[in-house]
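K.L.:
Below is a structure I'd like to ask you about.
The values are calculated or read from the model by the stated rules, or taken from the named source; none is laboratory data. It should be emphasised that the depicted structure is a prediction, and the values quoted were computed from it without experimental measurement. Backbone-built Cβ (ideal geometry, glycine too); neighbour counts: all protein chains shown. For accessibility, only protein heavy atoms count, side chains too; no ligands or nucleic acids. Shrake-Rupley method; radii C 1.70, N 1.55, O 1.52, S 1.80 Å.
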Amino acid sequence: MEPEILRGHIPAGHIPKPVVIADYVAKYPSIHSDEEREKYRAVFNDQYAEYKELHAEVQAAAARFDEMDEMMRSLQASAPSNHQEQERINGILLEYQRKKTDPTFLEKCDRCEYLKNKLAHIKKKISEYNQAMEH
């Protein structure tokens, strides 16, 4: 995501977009000692366990949503035989939408993505340090 570069005068009404940098980028800069590398590795191992657990939970929920998506398509494709059947289908659709937009589930998804990116960053810093020590 490259920031937009404006040349010349700034157009009237232009509102610059802030560039958001994740907290772990500042908290985990380049490594300069074996001691720092071990601290990074300890953080990685600790948070990797949380990530694996959360990822499994999110993946299981995503698989259930895929199954429900298929069920929703087949329910919507078949014409309901009566008013009660239509109300039952509508109730299922509402429950499905509620579960897909559940704040707890969405928070878990966000946390999982955050941990994935943080762990990748820490792993990259450890790898960079290891490569620098080999040369």
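K.L.:
When the residues of the stretch 19-37 are filtered to those that are within 16 Å of Glu134 (Cα to Cα) and of a type outside the set (Ser, Thr, Tyr), which remaining residue is surrounded by the most Cβ atoms within 10 Å (Cβ to Cβ)?
P.N.:
Per the stated criteria, the residue is Ile31.
K.L.:
Also, I was wondering about something else. Considering only the stretch 105-125, how many residues are within 13 Å of Val43 (Cα to Cα) and of a type in the set (Ser, Thr, Tyr)?
P.N.:
Within the stretch 105-125, residues that are within 13 Å of Val43 (Cα to Cα) and of a type in the set (Ser, Thr, Tyr) number 0.
K.L.:
Which one of Tyr51, Tyr96 is in contact with a Lys or Arg (Cβ under 9 Å, 6 or more places away or on another chain), open to solvent by less than 60 Å² (accessible area, probe 1.4 Å) and in a helix (DSSP H, G or I)?
P.N.:
Matching residue, one of Tyr51, Tyr96: Tyr51.
K.L.:
Could you check the stretch 102-124 and list, in sequence order, the residues that are surrounded by fewer than 17 Cβ atoms within 10 Å (Cβ to Cβ), under 8 Å from the mean Cα position of the chain (by Cα) and either outside any helix (DSSP H, G or I) or in contact (Cβ under 8 Å) with a residue 60 or more places away in the chain (or both)?
P.N.:
Tyr114, Lys116
K.L.:
Out of Ser30, Ser81, Ser74, Ser127, I need the residue that is without any contact (Cβ under 8 Å) to a residue 60 or more places away in the chain, more than 19 Å from the chain's Cα centre (by Cα) and not in a helix (DSSP H, G or I). Which one?
P.N.:
Ser81
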